[in-house]
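The values are calculated or read from the model by the stated rules, or taken from the named source; none is laboratory data. Computed from a prediction, not measured in an experiment: that's the story for all the values here. Here the Cβ is made from the backbone with ideal geometry for all residues, glycine too, and neighbour counts use every protein chain on show. Only protein heavy atoms, including side chains, enter the accessible area calculation; ligands, DNA and RNA are left aside. Shrake-Rupley method; radii C 1.70, N 1.55, O 1.52, S 1.80 Å.
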Amino acid sequence: MPSFSVRFLVPILALGSGFALTACQQVQAPPPVVVQAPPPASVRAELLSVSNPAAPFAAQLWSGMPTHPRIGDALNLGLRSDVDGYVSLFVVTASGGTGRLLDNRRVGAGERVEYPGRHGSIDVKLMPPAGVESFVLIASRRPLGILLPGDVRRAGSIASLALTSQELADRIRGATAVQPAEDWNAAILDVPTSF
């Protein structure tokens, strides 16, 4: 019995090391992929195009975070609309990703809403890389269908979107273009983050 196991063990070891050597010789590390976020100025320009200077009511968005937020700090935003209606909140991250934080949440005129809220079930922290996080608030008298099927990459409390900042701005413009100008407004907030 011992000679039987030794006899088969040696060829198996040789076979295993042969695969290891072959794999080492053929596998090369892929070149690093460098993803560069668009400069904050271009993101802001894309998002500014969704504003509505003709709106007869205000939509406001502000930060409840320290003056110089750091990566790892809890996200704390405040928002309000001067009319009864709905609010949707989107983000363009420093890495160029996009997300939906609120979708057609019902609000009363002048109601101050905290995001994510002190008593909310989610804890949202600022994530790397450091840079500028741009938040877009859309307030409307009626619910808006801003996103198209397939725009949501991953659903949840915070939906990850399969959109660039330009595509997100296009979706917002498309949904608001069919609304009377007096029925919606937008606000944009840039939050610079550091380590």
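A few notes on this one:
- Note, ³J(HN,Hα) from phi for the range 141-157, Karplus 6.51, -1.76, 1.60, rounded to Hz, x at Gly and Pro: 6, 10, x, 10, x, 7, 8, 9, x, x, 6, 8, 7, 9, 7, x, 4
- Portion, in percent, of the accessible area of the range 38-109 that falls on carbon or sulfur, probe 1.4 Å: 52
- In range of the label at Ser51: residues from the range 85-121 whose backbone nitrogen is under 19 Å from the point 7 Å along Cα→Cβ: 88-92
- Positive-end residue of Ile188, Ile122, Ile146, charge dipole of the range 107-195 with Cβ unit charges: Ile122
- Full-extension gain in nm, Asp123 to Gln60, via 0.36 nm per residue minus C-alpha separation: 20.4 nm
- Computed in the context of the full set of protein chains, the accessible area of the range 118-191 at 1.4 Å probe radius has 53% of its extent on carbon or sulfur.
- Calculated accessible area for the range 48-88 comes out at 46 Å² per residue, all protein chains present (probe 1.4 Å; ligands, DNA, RNA ignored).
- Each peptide among 169-177, 134-142 gets the average number of other Cβ atoms lying within 10 Å of its residues, and from highest to lowest they stand as 134-142, 169-177.
- The amide H of Arg153, built 1.01 Å from its N in the peptide plane, has Ser160, Leu161, Ala162 as neighbours under 5 Å, considering only residues 5 or more places off or on other chains.
- Segment Gln179-Arg106, extension gain: residue separation times 0.36 nm, minus the distance between their alpha carbons: 24.5 nm
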